[in-house]
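Undergrad: Here you go, one structure.
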Amino acid sequence: MAEKKTIGVNKTDTLGGVIDTYPEIAPVLATAGLHCIGCHVSAYESIEEGCRAHGMSKKDVDDLVKSANKRILEYEKLPKVTFTDGSVLELDKRLSKSKPKMKFARLVQIFGEFDFEAMDKKEKEDIVIEANAKPKSVSVIASPRVERILRGVRIDFDAKQNDFVAVRE
């Protein structure tokens with residue numbers, strides 16, 4: 001029987017691991033004084049170890065974990081990224097022009113923004129998001145991290161800018 005994946009973090013999870021899985025909690029950790037979340041130590045230091053190194057009490061650690069899990073649950077309720085008809089048509093046009101013709105449009109994060117890359121295949125962990133506009137449909141793929149970052153966002157294509165724009169709903 002498949003093991004059910006639990007959602008959320010606990011104090012023994014590594015800082016780097018939780019930020020990678022749940023990027024939405026970075027502001028929660030930073031507000032609590034953990035500004036070193038991108039530090040090399042975060043790859044092996046637990047939330048509790050990081051908090052204690054910054055002088056936090058056991059109660060502070062427990063409160064931080066509760067706040068982080070509250071933020072995670074809020075993100076779980078957000079709708080997945082959506083696409084306007086204009087963005088789907090533009091993605092379809094770009095994929096059609098790719099040589100050789102690619103099957104997927106990969107959502108990638110670039111310096112806090114996003115863009116698309118034409119891809120022939122998806123990675124094992126990729127999430128597939130079907131973007132539909134009559135009569136076109138595009139398979140958009142994203143890493144779990146990028147998919148979480150773009151929850152609650154609608155992607156449109158701005159012809160004047162000749163670029164995709166994200167609007168938080």
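Undergrad: Name the helices (runs of 4 or more DSSP H) wholly inside region 9-84 in which the number of residues that are exposed (fewer than 14 other Cβ atoms within 10 Å of the Cβ) and not basic (Lys, Arg) is 1 or more.
TA: Details: elements: 15-21, 26-31, 47-53, 58-77.
Passing ranges, in order: 26-31, 47-53, 58-77.
Undergrad: Please name all residue pairs, on different chains or six or more residues apart, with Cβ atoms under 8 Å, provided the first residue is in region 83-98 and is touching a residue at least 60 places away in the same chain (Cβ under 8 Å) and the second residue is surrounded by 15 or more Cβ atoms within 10 Å (Cβ to Cβ) and assigned to a helix (DSSP H, G or I).
TA: Close Cβ pairs satisfying both conditions: PHE83/LEU91.
Undergrad: Look through GLY86, GLY55, GLY50, GLY8 and report the one residue that is among the small types (Gly, Ala, Ser) and in the same structural domain as PHE116 (by TED's automatic domain parsing).
TA: GLY86
Undergrad: Follow-up. When you scan region 149-163, do you find a residue that is touching a residue at least 24 places away in the same chain (Cβ under 8 Å), among the acidic types (Asp, Glu) and either assigned to a strand (DSSP E or B) or touching a Cys at 6+ places or on another chain (Cβ under 8 Å) (or both), even just one?
TA: yes
Undergrad: Before we move on, is VAL88 at pLDDT 90 or above, of a type in the set (A, V, I, L, M, F, W, C) and more than 30 Å from PRO135 (Cβ to Cβ)? Reasoning before the result, please.
TA: On the way: at pLDDT 90 or above: yes; of a type in the set (A, V, I, L, M, F, W, C): yes; more than 30 Å from PRO135 (Cβ to Cβ): no.
Spelling it out, it is not the case that VAL88 is at pLDDT 90 or above, of a type in the set (A, V, I, L, M, F, W, C) and more than 30 Å from PRO135 (Cβ to Cβ).
Undergrad: Checking the structure you have, find out if any residue of region 92-109 is part of a strand (DSSP E or B), touching a Lys or Arg at 6+ places or on another chain (Cβ under 7 Å) and surrounded by 15 or more Cβ atoms within 10 Å (Cβ to Cβ).
TA: Within region 92-109, one or more residues are part of a strand (DSSP E or B), touching a Lys or Arg at 6+ places or on another chain (Cβ under 7 Å) and surrounded by 15 or more Cβ atoms within 10 Å (Cβ to Cβ).
Undergrad: Further, regarding this structure: Of all residues in region 120-145, how many are touching a residue at least 12 places away in the same chain (Cβ under 8 Å), under 19 Å from the mean Cα position of the chain (by Cα) and not in a loop (DSSP other than H, G, I, E, B)?
TA: Selection size over region 120-145: 10.
The values are calculated or read from the model by the stated rules, or taken from the named source; none is laboratory data. Quick caveat: nothing in here was measured; it's all calculated off a predicted structure. Cβ sites come from the backbone with ideal geometry, for glycine too, and all protein chains shown count toward neighbours.
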